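Derivation of every value follows stated rules applied to the coordinates shown; laboratory data play no part. Just so it is clear, the structure is predicted and the values come from calculations on it, not from any experiment.
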Amino acid sequence: MSMTSHDSPLFFDLGSGNGALVLAVGACTGVPTFGVEVVERRHAAAEAALLRARATRPDPFTQVCLLYGDARVLPLPPVTHVFVNNFVFDAALNAALFARLASMPSVRVVSAW
């Protein structure tokens, strides 16, 4: 999937865990959907779920991309809509993540828990 700039919606789940939200958004909207997870075990579970989803219904999941790494430093696509379930993040991590999002001109909506 290309990570080039465009004006279309692009959904991003920061801390995507097992990928449930990323897969649901991808299947329901058809917009490019990214998830990033820093915990390897959770990312592996998300990758497995994506493979199962593509095996049963490939079309809605062609625009889903799962990334493994730290969102504070990982190259990110020009996302427009961001969800972060950040209630377990410490203050320093939240500050770093929100500073990064604030520096991205493409971001239009941030939903935080």
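The convex hull around the C-alpha trace of the chain, projected and averaged over every direction, spans 6.6 square nanometres.
Taking amide H as placed 1.01 Å from N in the peptide plane, the amide H of V64 sits under 5 Å from that of T33, each at least 5 places away or on another chain. Dividing the summed -39500 (n - 2.57) terms of all DSSP H runs of n ≥ 4 by the residue count of the chain sets its mean residue ellipticity at 222 nm at -11000 deg cm²/dmol. From the alpha carbon centroid of region 61-90 to that of region 93-113 is 10 Å.
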